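Any read-out appearing in this document is the output of simple, stated calculations on the displayed coordinates, not a laboratory observation. Just so you know, these numbers come straight off a predicted model, no measurement behind them.
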Amino acid sequence: MQPTRRRSDALTSAVLLLTAALAASCASRNHFVRDPDGFGSTGPTAPVRTAGEVFAYDRALIQAQEEQLEEKGNYRLVRVSFPSIGNGGPVEVDYHRSTLPGRHPVVIVLPIWGRYVYPSNAVTRTLRKRSEGTIHVLNVLDDGFLTDWPALETAPDEKAFTAIFAAGAETERNTVIDIRRLVDWTESRPEIDRKAIGLVGFSHSAIIAPTVAAAEPRIAASVLIMGGALPHRIVAHCAGPRMTAVQQRATSAFGWDRDRLEGVLEPLYAAIDPANYPGEIDPESVLIFEAGNDTCIDEVARTALWEAAGRPQRWVINTSHKRAFLTMTPLNLNWMRRRIWEFFEDRLIEPQSEGQ
């Protein structure tokens with residue numbers, strides 16, 4: 001009877017996935033072009049310290065290890081690894097290197113950092129397929145968390161609880177620097193056009209990616225998918241199961257409400273909060289996708305990111321955080337992936353062609 005149960009469970013999961021995908025495909029999508037004077041904004045204020053100053057580092061070129069894995073079509077797949085600036089394991093990247101002659105743009109695709117690898121792998125596949133070798137792709141590999149969420153759920157006291165968050169914030173800061181070091185590495189490559197470097201972030205990495213873009217003027221185009229600013233607010237108010245468990249621990253063990261948790265986290269996350277670097281990103285170089293009914297990254301956090309980035313163009317998908325990701329699947333005709341490709345084609349490939 002066990003095999004029958006597994007088949008039934010698989011069928012149920014498939015039906016639920018199809019239902020969710022159909023719901024996402026029916027969700028309306030609103031496109032807002034860049035509007036510097038819109039949405040009642042008061043405009044950015046000057047940051048106390050620039051992102052470049054906060055994320056300063058030794059610019060010595062990293063000594064990366066390279067392992068060729070396969071060659072297919074116009075691409076050679078190379079596994080690149082180098083030591084992190086922090087105490088964690090090595091940074092690993094799948095480098096989809098074009099075999100076409102000449103210099104080509106490159107897009108750095110960040111992971112979500114938390115088990116789900118479909119978005120980054122799907123966008124990597126789309127960039128390979130649609131560019132036919134006219135773009136290199138660096139798919140950063142990491143399906144682990146940057147913060148030890150299980151440890152937070154069992155932290156014995158407030159000091160330990162706060163220390164775990166502080167360690168996670170430091171890991172995120174080191175991650176921003178590691179991505180900048182990866183940009184250093186791309187600049188050293190004769191096959192890469194150093195003036196045409198793109199960046200993609202999803203969910204968690206769409207909080208880190210705009211901070212990277214603020215610190216890194218060499219990023220020529222950024223796509224931010226279901227991200228936001230104000231990470232202290234996101235952690236304290238997100239309705240997702242992982243965040244809710246941590247919020248409940250803070251309440252049951254220490255008597256903290258969500259506002260108290262947010263207040264404790266704000267100074268810890270200040271360095272990695274893109275809202276603290278307003279006006280440091282060229283809004284013409286940014287495309288934002290957001291979920292209009294997101295109960296994790298709420299409207300306040302999403303608007304704060306949009307404002308800090310200079311109110312760039314954005315797509316609002318009127319569904320939940322997870323269901324909005326279904327717009328990048330075949331069940332939704334890869335709608336989001338096509339928009340991402342068109343943006344990079346416009347920002348990275350066409351300027352290169354005009355310059356030739």
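Assorted remarks:
- 3J(HN,Hα) along the stretch 242-258: 5, 5, 4, 4, 5, 4, 5, 5, 4, 6, 6, 8, 10, x, 8, 8, 5 Hz, from the Karplus curve 6.51 cos²θ - 1.76 cosθ + 1.60 with θ = phi - 60°, whole Hz, x for Gly and Pro.
- Cα-Cα separations in the stretch 80-189 greater than 25 Å, expressed as whole percent: 32 percent
- By the Cα gyration tensor, the stretch 53-140 has an equivalent ellipsoid whose semi-axes, rounded to whole angstrom, run 24, 16, 13 from largest to smallest.
- Quarter the surface of the alpha carbon convex hull of the stretch 297-356 and you get the mean projected area, 5.4 square nanometres.
- Each part gets one Cα centre, and for the stretch 81-108 versus the stretch 274-351 those centres are 24 Å apart.
- Lysines whose Cα lies under 20 Å from that of Lys129, excluding same-chain neighbours fewer than 8 positions away: Lys72
- Size of the chain as Cα extents on the principal axes (Å, biggest first): 62, 61, 45
- Proximity of backbone amide H atoms, modeled 1.01 Å from N, is registered between His104 and Ile192, Asp193 at under 5 Å, excluding neighbours fewer than 5 places apart on the same chain.
- On the principal axes of its alpha-carbon atoms, the stretch 212-323 has extents of 46, 31, 17 Å, going from largest to smallest.
- Using bins of 10 Å that start at zero, the share of Cα-Cα pairs per bin across the stretch 261-327 amounts to 20, 43, 32, 4, in whole %.
- For Leu141, distant residues with modelled amide H under 5 Å away: Glu92, Val93, Asp94
- What the phi angles of the stretch 204-211 give under the Karplus curve with 6.51, -1.76 and 1.60, with θ = phi - 60°, is a coupling list of 4, 6, 7, 8, 6, 4, x, 5 Hz, glycine and proline written as x.
- Applying the Karplus relation 6.51 cos²θ - 1.76 cosθ + 1.60 with θ = phi - 60° to the stretch 330-345 yields 3J(HN,Hα) values of x, 5, 10, 6, 6, 3, 5, 4, 5, 5, 4, 4, 4, 5, 5, 4 Hz, where x marks Gly and Pro.
- Evaluated over the stretch 173-248, the Cα radius of gyration and Dmax, each in Å: 15.1, 52
- Near Ile219, no amide H atom lies under 5 Å from its own; only residues 5 or more places off or on other chains count, and H is placed 1.01 Å from N.
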